[in-house]
Each structure stands twice: as structure tokens, then as C-alpha cells.
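Below is one structure; the comments refer to it alone.
The values are calculated or read from the model by the stated rules, or taken from the named source; none is laboratory data. Computed from a prediction, not measured in an experiment: that's the story for all the values here. Glycine also receives a Cβ, built like all others from the backbone with ideal geometry; neighbour counts cover every protein chain displayed.
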Amino acid sequence: MKPADALNGRIVACERCPRLRTYCRGIAEAKRRSFAEWDYWGKPVPNLGPTPAGLLVVGLAPAAHGGNRTGRIFTGDRSGDWLYRALHKAGFANQPTSTHIDDGLELTNCVVTAVCHCAPPDNKPLPSEIVNCREWFIGTIDTTKARVFVALGQLAWRAIIDEARRRDWYSGSIPKFSHGAKVELRDGRWLLGSYHPSQRNTFTGTLTEPMFDAVFSEARKLLQMKIARTPNHSRPDIAMIFGIDQRSRIDTHHVSPAGHAER
């Protein structure tokens, strides 16, 4: 069995958070009227995508009537509609939709995961629940071996930075999260920030399709670039290399591995 498959098996079998397990099972039993005929998954939701992969997309947690219903991350809810449409446009998915586990969706050079693998009440996992899931996050990074990380929201951003520090990929203060923020990690790795494609963000125009698409377009460019690096991690001017346009909402302000802000 591949390490990633073994990891997913352990994620699905996890019972570490009684509050979350009770909530997910309760949702699976009660169901939403519009999904009354569904056999809800009701368990921790595993990672999606082949390993190793260049891109790791990190969300917060499955939706109660999305991943908790379908058994696949970002599947069966509007956030997933936005995510897989953007991944498809950038060449990381074979189709722009994700409705159920047997719909034919396949990812290419991309893995999708979450900070918390169980749907939490009010979409707010407790700090202790995030800590309980950290072993799975560490294992996901180990098996994916990604070079580019996309954080969907502030909690995902913090989780990636914390793990980057632990692995000595980043030092210094926590870089500010914003949509389009870009942080250079060690050894050719990158972190990109994006607002989460939640209904609150998409309905209000806080996140638009061009803004979201720009993040994954940048991820694609970073994976395609071959930059020779010296032992002291020197680098050319990134804005000049990638021709970043401010209209794309990708921030040219980025942070070096040592944590110093640069322009």
C-alpha cells in the first residue's frame, strides 16, 4: 500500500475528537431535506490527489453537507465548485466540477487537504481539534512532497507557516496573510495565500473568479520555473521573472525564508 493510501486510511479511522465525531454522525443521520436520499459519509474526509505532487492546496475543514456527505474533500458544495473550476482552468484537474465520489474527477500534480478532516459546528474547529489533526497534516506534507502550497484562508496559512518553521523551511515572524500573498520558503518552495472560496466571500465579491484564478495561475508558473539556487538561497527579482500584474491581485510583496520583507 502506498504511504498516501495508508495515511488516508488512518485519517478516515480517526476518533480523536469526540465533539466532531458526534457532530458529523448527527448530521449524517439527520441529513438535509434536499439530500434525504443520500447515504452520508459521516466520517473524517481523506486527502484527494495523486502523490507525489507539486501543488498542495490546504483548506480549513469539510462542509457538513459537502465533504461530510460525499466523502470527498470540497465536493458537493459551492466552495468546491469554485475550487475545482479554478484547478481545471490551471490544468490541475480533468474537469471543472466535483459533485460525488464517482463523478470521474482526477487531479494532476495536485493534492487537496484540510487543516481539520472533520466538519466542525459553525465551520469553526477548536484549537485542540486542529492540534489533533496535525499528525495527518504532517503526513500529508511528507507524502505529497509539494513545492507550492496554496492556503485557502488564514488558518490554513498559519498551519503551513507553523509546519514550515518546524521543518526549517522558514524562520522569522509570521508573514501577514492576504489574498495573493506570496512567501518564499527554503529549497525552492513557495506559499501562496488566497481568500477561502466560502459563500460569504464569493457572494459579497470579496473573492472573484479572476482573483481566485490568478492564484492557481501563479502556482502553475512557480512549478514550471527552474531557478538555480545558491547555498545562501539568493534569488533574482521575482516580480520581473513572473511578470506579475497588480490587476491579477497577486501581491509582488513577498517574504524571504529568513522572514525579511522585500519588494
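Among the residues of the range 138-158, those identified as touching a helix residue (DSSP H, G or I) at 6+ places or on another chain (Cβ under 7 Å), surrounded by fewer than 23 Cβ atoms within 10 Å (Cβ to Cβ) and not polar (S, T, N, Q) are I138, G139, I141, R147.
Taking helices (runs of 4 or more DSSP H) as the structural unit, those lying wholly within the range 92-211 and holding at least 2 residues that are among the polar types (S, T, N, Q) and modelled with pLDDT of 95 or more correspond to 127-132, 134-144, 199-203.
The condition of being part of a helix (DSSP H, G or I), among the aromatic types (F, W, Y) and either free of Cβ contacts under 8 Å to residues at least 60 places away in the same chain or buried (at least 22 other Cβ atoms within 10 Å of the Cβ) (or both) holds for Y84. The C-beta contact set for the range 6-30 (first residue without any contact (Cβ under 8 Å) to a residue 60 or more places away in the chain, second residue part of a loop (DSSP other than H, G, I, E, B) and surrounded by 12 or more Cβ atoms within 10 Å (Cβ to Cβ), distance under 6 angstrom, 6+ apart or interchain) comprises N8/P46; N8/N47; V12/K43; V12/P44; V12/P46; R25/G42; A28/Y40; A28/G42. Taken over the range 165-202, the residue count meeting the criterion of being without any contact (Cβ under 8 Å) to a residue 40 or more places away in the chain and closer than 16 Å to A219 by Cβ is 0. You will find that of A28, A64, A53, the residue that is in a helix (DSSP H, G or I) and either touching a strand residue (DSSP E or B) at 6+ places or on another chain (Cβ under 9 Å) or of a type in the set (A, V, I, L, M, F, W, C) (or both) is A28 and no other.
How many of the residues in the range 170-206 are of a type in the set (F, W, Y) and surrounded by fewer than 20 Cβ atoms within 10 Å (Cβ to Cβ)?
2
Going by the conditions given, is V58 in contact (Cβ under 8 Å) with a residue 40 or more places away in the chain, buried (at least 22 other Cβ atoms within 10 Å of the Cβ) and not in a loop (DSSP other than H, G, I, E, B)?
Values: in contact (Cβ under 8 Å) with a residue 40 or more places away in the chain: yes; buried (at least 22 other Cβ atoms within 10 Å of the Cβ): yes; not in a loop (DSSP other than H, G, I, E, B): yes.
Against the criterion (in contact (Cβ under 8 Å) with a residue 40 or more places away in the chain, buried (at least 22 other Cβ atoms within 10 Å of the Cβ) and not in a loop (DSSP other than H, G, I, E, B)), V58 qualifies.
Please verify whether G243 is modelled with pLDDT of 95 or more, more than 20 Å from the chain's Cα centre (by Cα) and of a type outside the set (D, E, K, R), treating the condition exactly as stated. It is false that G243 is modelled with pLDDT of 95 or more, more than 20 Å from the chain's Cα centre (by Cα) and of a type outside the set (D, E, K, R).
When the range 190-211 is filtered for residues that are more than 15 Å from the chain's Cα centre (by Cα) and not small (G, A, S), the ones remaining, listed by number, are Q199, R200, N201, T202, F203, T204, T206, L207, T208, E209, P210, M211. Beta carbons closer than 7 Å, at least 6 apart along the sequence or on distinct chains, pair a first residue in the range 211-226 that is more than 12 Å from L83 (Cα to Cα) and touching a residue at least 60 places away in the same chain (Cβ under 8 Å) with a second that is surrounded by 18 or more Cβ atoms within 10 Å (Cβ to Cβ) and of a type outside the set (A, V, I, L, M, F, W, C) for L223/G54; L223/R147.
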